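The values are calculated or read from the model by the stated rules, or taken from the named source; none is laboratory data. Keep in mind that what you see is a predicted model, and the values were worked out from it rather than measured. For neighbour counting, all protein chains shown are included, and Cβ atoms are generated from backbone atoms with ideal geometry for every residue, glycine included.
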Amino acid sequence: MKFLVTGGAGFIGSAVVRLAVARGHEVVNLDALTYAACLKNVAEVENSPLYSFEHADIRDRDALDGIFADHKPDAVMHLAAESHVDRSIDGPGDFIETNITGTFNMLEAARKFWTKTGKPETYRFHHISTDEVFGSLPADRSVKFTEDTCYDPRSPYSASKAASDHLVRAWRETYGLPVVLTNCSNNYGPYHFPEKLIPVVILNALAGKELPIYGDGSNVRDWLYVEDHADALLLVVQKGTLGQTYNIGGENERSNLELVHTLCEILDDKRPRADGRSYKDQITFVTDRPGHDARYAIDPTRIRKELGWRPSVTVEEGLERTVQWYLDNEGWWRALQGRDGVGKRLGTGT
């Protein structure tokens, strides 16, 4: 198949691009190259005859129409989005423009191309979203998000993604556009932009800085290794039922404090501090994020039963791989540390 992947120079998008090319698919990577994008994320496939890159913004409808006409994709995998909750608190406008208006532009460009090419039955528009659209769960770990959970977004980021999800479903019902949707839990792994929790902890630990934990660290997330997620996304776009939504989870719930403790223990083993003390001594509790959701967790029953998918990496295995990747790729993350907002506390609501 030939995939048009939006946001393919980002964290999750680049994992999809690398895996799709490795499996013999043609990939067109469409990315605006905003602050969180990095073409080094796809360096291993950039010389492949199966790969091409288009520098474009999903807010630019004319550019999108031209890319569809030039490349004639069999399927769209729409990952391009503003995704950092803290940044959405400080500057929600970018999230509205990219995640909502940008998705509208993608849907219209995709619909125009699909119609002009005779509405092929094999065509797909796969919209990739987040579990944050569902709001917050109680502490009872038997309760999880399902595909039927009512939407209850709590941040500008999650509200913008919820809106984009609704647009995609509306284009299916109104225009018949062949769509599939996925909502995933928290991703982590290689090439994770160094403003999110796991890379912040790793890099601050190595630099001898404080390891900031919001509130008391009791917020719980379900952690999904990014390469597992990419595998699931390629399965859904090829075999998912049209109009269906699939929740993709890692089945690895951990509180933020538990997660940071595990990272510190891995670092204690792989890169011990010169003074022999644990990196846990660097943990510092900071003022919580405004409106911080208490818990996210996904019930992945549908994708397991219908498509036979389950995550292959436990959080302990994935964190060890991730720490080692950051230790081995200092050149990659050092080049990103000077970008706007990296290393600063954002999203305080002030």
**OP:** Scan (1) part of a loop (DSSP other than H, G, I, E, B); (2) loosely packed, with under 14 Cβ neighbours inside 10 Å; (3) basic (Lys, Arg) for the single condition Arg289 breaks and write down its number.
**Re:** (2)
Original post:
Does segment 199-210 contain any residue that is buried (at least 23 other Cβ atoms within 10 Å of the Cβ), assigned to a strand (DSSP E or B), in contact with a Leu (Cβ under 8 Å, 6 or more places away or on another chain) and modelled with pLDDT of 95 or more?
Top reply: no
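For the condition at pLDDT 95 or above, surrounded by fewer than 17 Cβ atoms within 10 Å (Cβ to Cβ), more than 25 Å from Glu147 (Cβ to Cβ) and acidic (Asp, Glu), what is the one hit in Glu97, Glu26? Show your work before the answer.
Working: Glu26 fails: surrounded by fewer than 17 Cβ atoms within 10 Å (Cβ to Cβ).
Of Glu97, Glu26, the one residue that is at pLDDT 95 or above, surrounded by fewer than 17 Cβ atoms within 10 Å (Cβ to Cβ), more than 25 Å from Glu147 (Cβ to Cβ) and acidic (Asp, Glu) is Glu97.
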**OP:** Within segment 227-240, identify whether any single residue is over 14 Å from the mean Cα position of the chain (by Cα) and small (Gly, Ala, Ser), and answer yes or no.
**Re:** yes
Subject >> Only listed residue being touching a residue at least 12 places away in the same chain (Cβ under 8 Å) and hydrophobic (A, V, I, L, M, F, W, C), chosen from Ala294, Ala274 >> reply: Ala294
Original post:
Would segment 277-285 turn up any residue that is out of contact with any Cys (no Cβ under 6 Å at 6 or more places or on another chain), more than 30 Å from Trp309 (Cβ to Cβ), without any contact (Cβ under 8 Å) to a residue 60 or more places away in the chain and not small (Gly, Ala, Ser)?
Top reply: yes
Original post:
Of the residues Tyr151, Tyr175, which single one is closer than 24 Å to Leu224 by Cβ and of a type in the set (Phe, Trp, Tyr)?
Top reply: Tyr151
Original post:
Of all residues in segment 157-179 being assigned to a helix (DSSP H, G or I) and touching a Lys or Arg at 6+ places or on another chain (Cβ under 9 Å), which is nearest to Ile298 (Cα to Cα)?
Top reply: Tyr157
Original post:
When you scan segment 101-149, how many residues do you find that are within 19 Å of the chain's Cα centre (by Cα) and among the acidic types (Asp, Glu)?
Top reply: 3
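Return the residues of segment 233-286 that are in a strand (DSSP E or B) and surrounded by 18 or more Cβ atoms within 10 Å (Cβ to Cβ); say none if nothing qualifies.
Thr245, Tyr246, Asn247, Ile248, Glu253, Arg254, Ile283
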**OP:** Of the numbered conditions (1) assigned to a loop (DSSP other than H, G, I, E, B); (2) touching a residue at least 60 places away in the same chain (Cβ under 8 Å); (3) of a type outside the set (Asp, Glu), Ser142 fails exactly one; give the number of that condition.
**Re:** (2)
Original post:
Here are some conditions: (1) under 24 Å from Leu30 (Cα atoms); (2) crowded, with 20+ Cβ neighbours inside 10 Å. Val133 meets all but one. Which one does it not meet?
Top reply: (1)
Subject >> Selection count, segment 122-142, where residues are at pLDDT 95 or above, among the charged types (D, E, K, R) and out of contact with any strand residue (DSSP E or B) (no Cβ under 7 Å at 6 or more places or on another chain) >> reply: 1
Original post:
Got at least one residue in segment 69-92 being in contact with an Asp or Glu (Cβ under 8 Å, 6 or more places away or on another chain), of a type in the set (A, V, I, L, M, F, W, C) and surrounded by fewer than 21 Cβ atoms within 10 Å (Cβ to Cβ)?
Top reply: no
Subject >> Search result, residues across segment 292-336 that are in contact with a strand residue (DSSP E or B) (Cβ under 7 Å, 6 or more places away or on another chain), within 23 Å of Phe11 (Cβ to Cβ) and not in a loop (DSSP other than H, G, I, E, B) >> reply: Arg295, Ile298, Ile303, Val315, Gly318, Thr322
Subject >> Residues within segment 284-315 that are closer than 13 Å to Glu251 by Cβ and acidic (Asp, Glu), tallied >> reply: 1
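So in segment 234-251, with the set limited to residues that are of a type outside the set (Gly, Ala, Ser) and touching an Asp or Glu at 6+ places or on another chain (Cβ under 6 Å), which one is farthest from Gly176 (Cα to Cα)? I'd like the intermediate steps shown before the answer.
In the first step, residues of segment 234-251 are kept if they are of a type outside the set (Gly, Ala, Ser); the result is 234-239, 241-242, 244-248, 251.
Narrowing further to those that are touching an Asp or Glu at 6+ places or on another chain (Cβ under 6 Å): 245, 247.
On the way: Thr245: 16, Asn247: 22 Å.
Going through the qualifying residues, I end up with Asn247.
Restricting attention to segment 330-340, and to residues there that are under 18 Å from Val201 (Cβ atoms) and out of contact with any helix residue (DSSP H, G or I) (no Cβ under 7 Å at 6 or more places or on another chain), which single residue is surrounded by the most Cβ atoms within 10 Å (Cβ to Cβ)? Break it down into steps so the answer makes sense when it comes.
We begin by selecting, within segment 330-340, every residue under 18 Å from Val201 (Cβ atoms); these are 330, 332-334, 336-337.
Imposing the further condition that a residue be out of contact with any helix residue (DSSP H, G or I) (no Cβ under 7 Å at 6 or more places or on another chain) reduces the set to 330, 334, 336-337.
Details: Glu330: 11, Arg334: 11, Leu336: 19, Gln337: 12.
Out of the qualifying residues, it is Leu336.
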